Amino acid sequence: MTNSMLRKMRPTFIYALLGIIFMLAAPSVLQLFTIINLTTAIALSVLALSLALIWGYGGILCFGQVAFFGLGAYVYTISAINFGGSTWAILVAIIVTSAFASALGYFIFYGRVSDVYLGVITLTVTLIFFSLIRRTSGPEYKIGNALLGGFNGVSSPPINLPWNSASFLFPEQVFYVAMAALIICYVFVGWLVNTKFGRVCVAIRENELRAELLGYDIRAYKLGIFTIGAGIAAVGGVLFCNGVGRITPDIFNLYNAALTIIWVIVGGRGTLIGPIGATFALFYVTSALGGQSVFNNNLVLGIILIIFVLLVPKGVAPTIIGWASARQKKSQRRVRRRRRAEGTR
Amino acid sequence: MKRKRGDVVVETRELCMHFGGVRAVEQVDFTLYDRELRCLIGPNGAGKSTFFKCLTGQLVPTSGEVLIRGHEMTGAEPFEIASLGVGIKTQVPNVFDGLTAEENIWLSARRWHGEARARALTAETIDRLDLGDIRRTLVGRLAHGQRQWVELGMVVAAEPWLVLLDEPAAGMTHEETYRTAQLIEEINKTSALIVVEHDMQFIRMISRQVTLFNEGGILMEDTMDAISADERAREVYLGHRS
Amino acid sequence: MDLIVAVLFQLIYVISNLALISLGLAIIFGMMRVINLAHGEFLMLGGYTVVVATNAGINIWISMLILAPLIVGVIGVVVERLLIRWLYGRMVDTLLATWGLSLLLVGIVTSLFGASTGTTVSPPLGVLRIGEYSASGYEFFLIIVTILLLFGVWLTLRFTKLGLLARGTMQNAEMASALGVSTSNIYMITFGLGAAVSGLAGGLLAPITGVLPTIGATYIAKAFITVISGGAAILAGTTAGSILLGGINGIFSFIAGSTFGEIALLLAAIILLRLMPKGITGRFFRKSL
């Protein structure tokens, strides 16, 4: 890693450090119930991170990112049931999801489908999963030993210590694994966007034609970042079904697909920590609202989305960064003016 | 000046580009030699920009062939053509607005070199094109002429052996136009160039051989002086005086 | 023979159903390049209008054919003035804002009417006999209405002054504006009309589907997919998309059940978009309405 890259990654490392501190301190400070809830929120934030990468940095508006999340969760669950342990299941989940994403991505990017139409296709994919899996209730629907369970879903075997299926992890330990996974993914993505690969992806987002005219095969770059994003979403899926204990086809529905997009809009496209923070914030908001009828989730989420699109289109993090840098520039100008005035005296 | 008749680097054979009933480019045979500088001129709708886009891969020709250094590149993707070592500047500046001038040029250099050389080459290019003041500015914030220069910087940083420029002097001030002409002369020392242009003064500054397009075909190919004196050429321009 | 007619009838119904739920979205998309993700909720609101009005004593035909389009049309105009008009040209942002609107409308209706159906309305027409088979008279009515509606929209676009102004604005807004057309008003009216058509569709379907705040979700995916697959031409696109996707849906449903019918529709849409990235009317019938 070059010096300039380390410099650019300084905020990433700072946030990662904060994350580590939080990870170590939280179980002693917070109740177990909160810790379990947090695990779910962490899983969701990994999903947000994956979309922040492919949309915020890569410019690929994937409406169905949640499909990779859910697919990862299902593949993990089914594999873990069949293997009798979690270790290989996690790997299989990531690989299968990434493979699926690369097939879908090849179809889309090498077919030069883009923008809205890409959004439709990815939305359709998650809806297909939703339709398909919901109707697999009967005993004849199973893969190996694992029943697919239809709209009731499947219970997920908890993660166990590597290759030791008897010693599965307790909720507090699952929390550690989840936080560690989030931090690792976050640092990885933070590194990735500063590599040549990452910067070319950003360039493609800015102007596809110009990137092509410079000699870059944009289809390959888009496919690459899309596949990596899916893999990260799959990691989130594995964490999710451990946090919740089971996975149901509802994960693939329109609401969750929308929610994923909302996290990135609210948090801010072009940042990583923004969408992660937005996920936690909105998770807290929707939990606090509970199932109440008047100020229900839909209402509040709808208002938030509209307000952000109209008034804060860049999202929270970039707006804050914008203010901070504007104030910094102002004070720098003031200092320069003062120096000039003193110089002429 | 005696032109060296070296290898043929760009050739089109019976190139046609039709849009429905419109024959934008019709049966064009074109040849460009190594390190030659050719200007393409002609009235609006003559087909020069369409022809240009057939060379860059932005359009897939209806029929005919495009050969670059002997390789058949008809209908190839733009990135394939660029990957041959061809630098391209489009009519409307195509730059990365959300990135700084430095990053724009770096992306070009980095395509061909590793980290260290790319950074060095970027710095060199910025100095050469005198972009030092705006290196950290977001390109979207620059004036039109500056954006054109950033784009030229991107082209130059790739060290191409063939450069295709579509209206490089468009919207530029007198001084910028002069500097662009100088830059093109410099590039011509190592690379072949095809320049599509409207600005007659600019063409006079740089041209040797000029190809005059009209109604989808090549009307004549000669020096600017010869063309200016020609009756047919005058007629074609109808009111365009140099 | 009777079986064939009955099956054909079902097929035509599936196709016309798809066209009916998609037309409102297509009008708005075709005219203004706005993808209104709250479209399903416009249908839902039409349904609620019918249920509430009919249960309050108003004649069902009036609720369906007059009240539903009127009320939802007005809501559409309000939405356009308050939300949509700030976002023209920003396709992704309108998508997101209307997504928010969709959530908002579901939320509001849930707050007002609760999460499940209060009362429903039963289909007003009886049963048709086709030899040994029976078909719903109401479905037959819906097929006729859909055809009339498509015809009506075509007539409006082709022969009325509004239609002409709308088409001009659609093809070249700047030019229309330079010629003195208030494009802002045209957009407002068009959005209102699209909403009204959606309200009408939702109202007409209420007796069959029932009403829930969340019923919009069942419409939006299919309508969205049909409109995008159809492409930019309002009528040709909707018709082509409905026939193709509805046809595939119907056929596969008949062969293997409704689940596979749905999935076949979705897969067909994906393949269609891969082959024709700008939709059907991006490639064929490009200059049509």
Look at B:Ser191 and say whether it is touching a residue at least 60 places away in the same chain (Cβ under 8 Å), under 23 Å from B:Lys53 (Cβ atoms) and in contact with a Cys (Cβ under 7 Å, 6 or more places away or on another chain). no
Run C:Ala232 past the list (1) out of contact with any Pro (no Cβ under 7 Å at 6 or more places or on another chain); (2) surrounded by fewer than 24 Cβ atoms within 10 Å (Cβ to Cβ); (3) in a helix (DSSP H, G or I) and report the number of the one that doesn't hold. (3)
So C:Leu265 clears everything in (1) closer than 30 Å to C:Trp86 by Cβ; (2) surrounded by 23 or more Cβ atoms within 10 Å (Cβ to Cβ) except one condition, right? Which one? (1)
Taking only region A:226-244 into account, find how many residues are surrounded by fewer than 24 Cβ atoms within 10 Å (Cβ to Cβ) and under 14 Å from A:Gln65 (Cα atoms). 3
Looking at (1) within 14 Å of another protein chain (Cβ to nearest Cβ); (2) more than 30 Å from A:Pro157 (Cβ to Cβ); (3) at pLDDT below 85; (4) assigned to a helix (DSSP H, G or I), which is the one condition that is false for A:Trp323? (1)
If we keep just the residues of region C:90-115 that are without any contact (Cβ under 8 Å) to a residue 12 or more places away in the chain and over 18 Å from A:Val300 (Cβ atoms), which is farthest from the other protein chains (Cβ to nearest Cβ)? C:Arg90
Filter region B:185-217 for residues that are surrounded by 19 or more Cβ atoms within 10 Å (Cβ to Cβ) and among the hydrophobic types (A, V, I, L, M, F, W, C) and give the result. B:Ile187, B:Ala192, B:Leu193, B:Ile194, B:Val195, B:Val196, B:Phe202, B:Ile203, B:Ile206, B:Val210, B:Leu212, B:Phe213
Checked against (1) within 14 Å of another protein chain (Cβ to nearest Cβ); (2) at pLDDT below 95; (3) crowded, with 18+ Cβ neighbours inside 10 Å, A:Ile247 satisfies every condition except (1)
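Is it true that C:Ile189 is within 20 Å of C:Ile84 (Cβ to Cβ), touching a helix residue (DSSP H, G or I) at 6+ places or on another chain (Cβ under 9 Å) and more than 14 Å from every other protein chain (Cβ to nearest Cβ)? Even if it seems obvious, please write down each step before you answer.
Working: within 20 Å of C:Ile84 (Cβ to Cβ): yes; touching a helix residue (DSSP H, G or I) at 6+ places or on another chain (Cβ under 9 Å): yes; more than 14 Å from every other protein chain (Cβ to nearest Cβ): yes.
For C:Ile189, the condition - within 20 Å of C:Ile84 (Cβ to Cβ), touching a helix residue (DSSP H, G or I) at 6+ places or on another chain (Cβ under 9 Å) and more than 14 Å from every other protein chain (Cβ to nearest Cβ) - is met.
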Within region A:121-173, restricting to residues that are assigned to a helix (DSSP H, G or I) and hydroxyl-bearing (Ser, Thr, Tyr), the one that is surrounded by the fewest Cβ atoms within 10 Å (Cβ to Cβ) is A:Ser131
Out of the residues in region A:1-20 that are within 14 Å of chain B (Cβ to nearest Cβ) and among the hydrophobic types (A, V, I, L, M, F, W, C), state the one that is surrounded by the fewest Cβ atoms within 10 Å (Cβ to Cβ). A:Met1
Can you confirm whether region C:247-262 contains a residue that is within 10 Å of chain A (Cβ to nearest Cβ), in contact with a helix residue (DSSP H, G or I) (Cβ under 8 Å, 6 or more places away or on another chain) and of a type in the set (Val, Ile, Thr)? yes
For region C:32-76 the number of residues that are closer than 19 Å to C:Leu112 by Cβ, of a type in the set (S, T, N, Q) and not in a helix (DSSP H, G or I) is 0
Can you find even one residue in region C:124-141 that is modelled with pLDDT of 85 or more, within 25 Å of C:Leu235 (Cα to Cα) and not acidic (Asp, Glu)? yes
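Take B:Arg136 and decide whether it is part of a helix (DSSP H, G or I), modelled with pLDDT under 95 and either of a type in the set (A, V, I, L, M, F, W, C) or over 20 Å from B:Asn188 (Cα atoms) (or both).
On the way: part of a helix (DSSP H, G or I): no; modelled with pLDDT under 95: yes; either of a type in the set (A, V, I, L, M, F, W, C) or over 20 Å from B:Asn188 (Cα atoms) (or both): yes.
In short, no.
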When region A:110-155 is examined, which residues are found to be touching a Pro at 6+ places or on another chain (Cβ under 6 Å), within 7 Å of chain C (Cβ to nearest Cβ) and over 19 Å from C:Leu96 (Cβ atoms)? A:Val113
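Only one of B:Ala76, B:Ala109 is more than 8 Å from every other protein chain (Cβ to nearest Cβ), over 17 Å from B:Pro160 (Cα atoms) and either modelled with pLDDT under 95 or assigned to a helix (DSSP H, G or I) (or both); which? Give the steps one after another, and end with the answer.
On the way: B:Ala109 fails: over 17 Å from B:Pro160 (Cα atoms).
It is B:Ala76.
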I'd like to check something: does region A:286-299 contain any residue that is more than 14 Å from every other protein chain (Cβ to nearest Cβ), in contact (Cβ under 8 Å) with a residue 12 or more places away in the chain and closer than 28 Å to C:Leu112 by Cα? yes
Residue under question is A:Ala258, and the condition is that it be more than 9 Å from chain B (Cβ to nearest Cβ), assigned to a helix (DSSP H, G or I) and within 17 Å of the chain's Cα centre (by Cα); does it hold? yes
Kindly indicate the residue of region B:166-176 that is at pLDDT below 90 and either over 9 Å from B:Phe202 (Cβ atoms) or among the β-branched types (Val, Ile, Thr) (or both) and also nearest to the chain's Cα centre (by Cα) among those meeting that condition. B:Ala170
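The values are calculated or read from the model by the stated rules, or taken from the named source; none is laboratory data. Computed from a prediction, not measured in an experiment: that's the story for all the values here. In this analysis, Cβ positions are derived from the backbone assuming ideal geometry, glycine residues included, and neighbour counts consider all displayed protein chains.
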